[in-house]
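Inspection log for the structure reproduced underneath, given as structure tokens.
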Amino acid sequence: MSQVSTGARSVEQRHDLAHVPLSPPSRTSGVLEVFRRRYLLRLLVRREIQARYAGTAFGLLWSYINPFTRFVTFYVVFGLILGRGLGIQNFAIHLFAGMVLVNYFTESVTAGTRSLLSNRGVITKMAMPREMFPVASMLVSLWHTIPQLLILLVACIATGVWGDGPLWVPDAVGMGAALLGFVLMMVYGTAFGLMFSCINVLFRDFQRIVQTFINMIPFTVPMMYPYYVIADGERIPTQYTQLYVSNPVAEAVMLIQRGFWYPTCDGPCATMPNPNGDGTLIPAPNFADHLFSRGFVMLGIGLVLLVVGQWVFSRLEKSITERL
């Protein structure tokens, strides 16, 4: 009899789950959990890519058409009509190299801001880390940047083969600079995507506010004009130069230009009028001083911003589902 009662108590204990702590159906360790679920992340990325080109006649070809038409517009207006390309060797490469990173960053932030609202059906039906959606948007934007990089690579090679400059040969320092520029935009794009996506759910007009500032970015980086326009102190007071180069997007643009545009130059990449007014041209600064050290400092700041973005996301996440 005692053995039966003992067995009954053990069975009762096994089925008594009151002592087991409750846990959410999806683990909540933030961005790290997103990359632990790489299979699900790949599915989301593939789904978003397919949805973007669903029903279109040209499909992936639009990834080449859109950046090419934007490049032609900027080149004609700023390079030919306004003459911003005067004194800059291979101004087209200078412009397009900057466009690649600017397009990637702006698309990443814009898509990340809308990511939770765009996937509201999935969020309300499936248990998964919600950070996955801004991260997936960043990766989709990176995937769309690959065609632009291929165009840039072909243009650099063609400049050396058919142009007057030297044959374009990638160097380790230049490729490291370009890679650092991309990593900067990945970190900052993800950080802003995490913060802005939650805020956009709670305040639906926020994505339009973000878009307003996004439209200003191409004009705040040395892409459609050379860096010396900012550094010479004639148009902008020198005390604002440090503020200008503290822009992580401007830093990333100069880094990718160091990797792709700088090796195409034969002699000084840019020249400017001599300050003594004798009408001669002198070599102009191509990039800001301490380009690499500033880049790594901005990377550290970006990682801190990513932690802040994760914290903001975690604080606002509880209010997301009921507002979707």
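Taken together, the values in this text are just the output of simple stated rules run on the coordinates, not laboratory data. Keep in mind the model is a prediction, meaning the values are calculated, not measured. Glycine gets a Cβ as well: all are built from the backbone with ideal geometry, and neighbour counts include every protein chain shown.
Stokes-Einstein, applied to the Kirkwood radius of region 163-230 over Cα pairs at a viscosity of 1.306 mPa s and 10 °C, places its translational diffusion at 104 µm² s⁻¹.
To the nearest 0.05, what FRET efficiency results for Asn247 and Asn66 with a Förster distance of 30 Å applied to their C-beta separation? Intermediate values should be presented prior to the final figure.
Numbers: r = 24 Å, r/R0 = 0.81.
Given R0 = 30 Å and the Cβ-Cβ separation, E is 0.75.
Computed on the Cα atoms alone, the convex hull of the chain gives a volume of 191 cubic angstrom per residue.
Here the dipole of region 51-143 is about 240 debye; that uses its Cα centre as origin and unit charges on the Cβ of Lys and Arg (positive) and Asp and Glu (negative).
Between 0 and 90 degrees, the angle of helix 172-202 with respect to the longest Cα principal axis of the chain falls at about 50 degrees.
Using DSSP to define loop residues, name the trypsin sites (Lys or Arg not before Pro) in region 118-221 whose beta-carbon has at most 13 other beta-carbon atoms within 10 Å.
For trypsin sites (Lys or Arg not before Pro) across region 118-221 that sit outside H, G, I, E and B with at most 13 neighbouring Cβ atoms in 10 Å, the list reads Arg204.
Taking the Cα centre of region 25-323 as reference, the dipole from Cβ charges on Lys and Arg (+1) and Asp and Glu (-1) amounts to some 1660 debye. Think of it this way: in the chain, Cys156, Cys198 stand alone, with no other Cys Cβ under 4.7 Å. Farthest toward the positive end of the dipole of the chain, out of Ile123, Ala172, Phe35, is the Cα of Ile123, where the dipole comes from beta carbon charges about the Cα centre.
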